[in-house]
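Here the structure is laid out as structure tokens; the discussion comes afterwards.
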Amino acid sequence: VRAAAGEPDARVRALVAWIHEHQCPTLASRGHANPKGAPWLPRRVLIFTEFADTRAWLVDQLRAAIDGTDRDDDRIGSLHGSQDEDDREAVKQAFNASPAEHPLRILVATDAAREGINLQAACADLFHFDLPWNPARIEQRNGRIDRMLQPEREVRCHYFRYRNLPEDAVLARLATKSHAISAELGSFAPVVSDRILA
């Protein structure tokens, strides 16, 4: 257990691997320095956390992972409840701007950003770093990019699964709830059921 104490969270490792594959192909593997000025692709990603402390910790982890890449200080942004309206609007505009015009590639948000904010203009990838218990909140998060005027044909919403851990029980319960909602109401947005049950 002590040997694993300093290891990065498995979800962080998975996110960094995804960033390497889809956003910054020359990103170095763990423990190695990034090539100075490693270039970024135009793809953006939105990552939701449930808690402010998790958001701050995750931003720090990702900043360390991309350190030394091209414009590394400008690649990660945040949306959270304690921001003033002007700051939130500036982050939103940067994230929705063309990737050719603004270097922001990764937006880490708390659930303060799950309603009433359109983030689909230049992003079709979303990760749920933690899962809320209520499936409606997951749909609200997904709805930031899975909405009208989304220019991409496919929106990709990602969840983390653990074997034999409480998080898997939460995911299974969310799937059960989504089916119950569908049975009661006759329909339920497909993003949750397609992604959870696949």
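The values are calculated or read from the model by the stated rules, or taken from the named source; none is laboratory data. Note that the structure is predicted; figures quoted are calculated from it, not measured. Reconstructed Cβ throughout: ideal geometry from the backbone, glycine too, with neighbour counts over all protein chains shown. The accessibility values were calculated without ligands, DNA or RNA, using every heavy atom of the protein model including side chains. Shrake-Rupley method; radii C 1.70, N 1.55, O 1.52, S 1.80 Å.
Computed with a 1.4 Å probe over protein heavy atoms only, the accessible surface of the range 58-132 comes to 40 Å² per residue. Does the range 49-106 come out rounded, prolate or oblate, given a ≥ b ≥ c as the square roots of the eigenvalues of its C-alpha gyration tensor, rounded meaning a/c under 1.5 and, failing that, prolate meaning a/b above b/c? Oblate shape, in that a/c is at least 1.5 and b/c is the bigger or equal ratio.
For the range 104-151, the direction-averaged projected area of the alpha-carbon convex hull comes to 3.4 nm². Solvent-accessible surface (1.4 Å probe) assigned to K92 amounts to roughly 60 Å².
Here the ratio of the Cα radius of gyration of the range 1-135 to 2.2 N^0.38 Å is 1.04.
Computed over protein heavy atoms with a 1.4 angstrom probe, the accessible surface ordering of H128, H20, largest first, is H20, H128. Close amide H contacts of S78 (hydrogens built in the peptide plane, cut-off under 5 Å, sequence separation of 5 or more or a different chain): V108.
Approximating the spin labels as points 7 Å out from Cα along Cα→Cβ, the Y159-to-N134 distance works out to 1.7 nm. Taking all protein chains as shown and a probe of 1.4 angstrom, T69 keeps an accessible surface of around 10 Å².
Annotation: amide H of F127 within the under-5 Å range of L46, I47, F48, H158, sequence separation 5 or more or interchain, hydrogens built in the peptide plane. Modelled spin labels at D74 and R13, positioned 7 Å past Cα toward Cβ, are 3.3 nm from each other.
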